[in-house]
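A.B. asks: Dropping a structure here in structure tokens format, bear with me for questions.
The values are calculated or read from the model by the stated rules, or taken from the named source; none is laboratory data. Computed from a prediction, not measured in an experiment: that's the story for all the values here. Note that we place each Cβ from the backbone using ideal geometry, even for glycine, and neighbour counts take in every protein chain shown. Note: accessible area is taken over every heavy atom of the protein model, side chains too, but ligands, DNA and RNA are not part of it. Shrake-Rupley method; radii C 1.70, N 1.55, O 1.52, S 1.80 Å.
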Amino acid sequence: CDYKSFDLAVNMLGVAGVQIYSMFEPGLSDPYRWTKLTSIMDHWTPENKSQNYPRYTASDPNKNIRSSDKWIHDGGYFRFQNIILGYTLPSKWSGKIGLSRLRAFVNMQNIYTITNYPFLDPEVIGSNSDGATVDTASGVDVGSAPTPRTTMFGLNINF
């Protein structure tokens, strides 16, 4: 949309009704991975039943890290994927500096995501055993990096 010399474009993306299996989450109770999430430091005990993670133990006698629906989470989200805000200098001003058009803009990507997913990004990317990114692991979070937020500033100059 345009208003006076400003222009704005907004692209939003949403997904509903999907579930994500957190493949990396069971290993968070492994004593060698304690630093992964601060939420596991306050683990479940008979007196502390409101917590989600089991106690830390190297031997895992109760098999707390086995595959389970406990590691499945709602993967729905709504994301402001791309926002572009621009300003075009009026032609009476741009003509004074020898230009037919001058537009300044800011382009922001993945600025804000609304989700109940408890980890970094519900838009998960899977990987195979070699660590290569693959699309076939849809719905499985292997602990990959989140979609980056980026901000870019630019100028469109016409002579």
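A.B. asks: Only residues that are among the aliphatic types (A, V, I, L, M) and in contact (Cβ under 8 Å) with a residue 24 or more places away in the chain: list them for the stretch 105-125, please.
C.D. replies: Within the stretch 105-125, Val106, Met108, Ile111, Ile114, Leu120, Val124 meet the criteria.
A.B. asks: I'm checking my understanding of the structure. Among residues of the stretch 1-33 that are among the acidic types (Asp, Glu) and either out of contact with any helix residue (DSSP H, G or I) (no Cβ under 6 Å at 6 or more places or on another chain) or assigned to a strand (DSSP E or B) (or both), which one is modelled with the highest pLDDT?
C.D. replies: Once the filter is applied, the top-ranked residue is Asp7.
A.B. asks: Of all residues in the stretch 73-96, count the ones that are part of a strand (DSSP E or B) and open to solvent by 70 Å² or more (accessible area, probe 1.4 Å).
C.D. replies: 4
A.B. asks: While we're here: Can you report the number of residues in the stretch 97-153 which are at pLDDT 85 or above and surrounded by fewer than 13 Cβ atoms within 10 Å (Cβ to Cβ)?
C.D. replies: Residues flagged as at pLDDT 85 or above and surrounded by fewer than 13 Cβ atoms within 10 Å (Cβ to Cβ) within the stretch 97-153 amount to 12.
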